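Below: the structure, in structure tokens.
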Amino acid sequence: MSRIISGQAGSIRLKSAASSTRPTTDRVKESLFAALEARGFLESANVLDLYAGTGALALEALSRGAKSAVLIEKDPSAHKISAENTRVVLNALTKSGSAAVAENLKIDAAKYIKSTTDIFDLVFIDPPYEFANELLVAQLAQLQQSVADHGVVVIERSSRTREIPIPDWLYEISNKAVGETRVAIYQKN
């Protein structure tokens, strides 16, 4: 069972993932969020979580100081779990004095990217492991206008997945495998 690891909502247990999702392990989250916090990328960030699954990544960011999150999940059962987890975490954050807000949307990630006018400081992209690299590259190209100057994009994939060419509007900060998962952190030029 996944949980919020740290921050104002630390130790809250999240509802289990739908069968259609692959949750990020606590070990991967610990490594990722240590890197993000060390660089100051979480405080007051506007977060976009594409392929949200349980919502664990965006909710962890809110617990650690992000101010808002949009969680995108097209699978109906995963969307329902993400919305329930969001409600529980926001209740805990409100009780601790946080004004963090979140919105759960049941929409395809590519459609959302094409339609949004919002600007995000931190974007999590954690598609299913079988997600085609070509689609991910296309989504990154479309995402450029939605990432703030010096904003951060985190891509989580299988460590066995072939690496993708990164667009020239991003530069790599970190790229490492944690068990079966590869987590890459990029920043906008």
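The values are calculated or read from the model by the stated rules, or taken from the named source; none is laboratory data. The shown structure was predicted, so the numbers you read here are calculated from the model rather than taken from an experiment. As a convention, Cβ positions derive from the backbone with ideal geometry for all residues, glycine included, and neighbour counts pool all protein chains shown.
Descriptive notes on the structure:
- Of 24, 54, all but one fail to be of a type in the set (S, T, N, Q), part of a loop (DSSP other than H, G, I, E, B) and crowded, with 24+ Cβ neighbours inside 10 Å; the exception is 54.
- Residue in segment 124-131 that is loosely packed, with under 13 Cβ neighbours inside 10 Å, of a type outside the set (Lys, Arg), at pLDDT below 95 and within 20 Å of residue 55 (Cα to Cα) present: yes
- Test: residue 70 is more than 23 Å from residue 178 (Cβ to Cβ) and within 11 Å of the chain's Cα centre (by Cα): yes
- When residue 90 is tested against (1) in a loop (DSSP other than H, G, I, E, B); (2) modelled with pLDDT of 95 or more, exactly one condition is not met: (1).
- Just so you know, in segment 53-65 the residues that are among the small types (Gly, Ala, Ser) and touching a residue at least 60 places away in the same chain (Cβ under 8 Å) include one that is farthest from residue 157 (Cα to Cα), and it is 61.
- Filtering segment 176-189 to residues that are farther than 21 Å from residue 47 by Cα and either surrounded by fewer than 18 Cβ atoms within 10 Å (Cβ to Cβ) or without any contact (Cβ under 8 Å) to a residue 60 or more places away in the chain (or both) leaves 176, 177, 178, 179, 180.
- In segment 128-175, residue nearest to residue 75 (Cα to Cα) [restricted to those that are in contact (Cβ under 8 Å) with a residue 40 or more places away in the chain and in a strand (DSSP E or B)]: 156
- The lone exception for residue 20 - which of (1) within 21 Å of residue 108 (Cβ to Cβ); (2) modelled with pLDDT of 90 or more; (3) of a type outside the set (Val, Ile, Thr) it fails: (2)
- A count restricted to segment 86-103 and to residues that are under 15 Å from the mean Cα position of the chain (by Cα) and over 22 Å from residue 41 (Cβ atoms) stands at 0.
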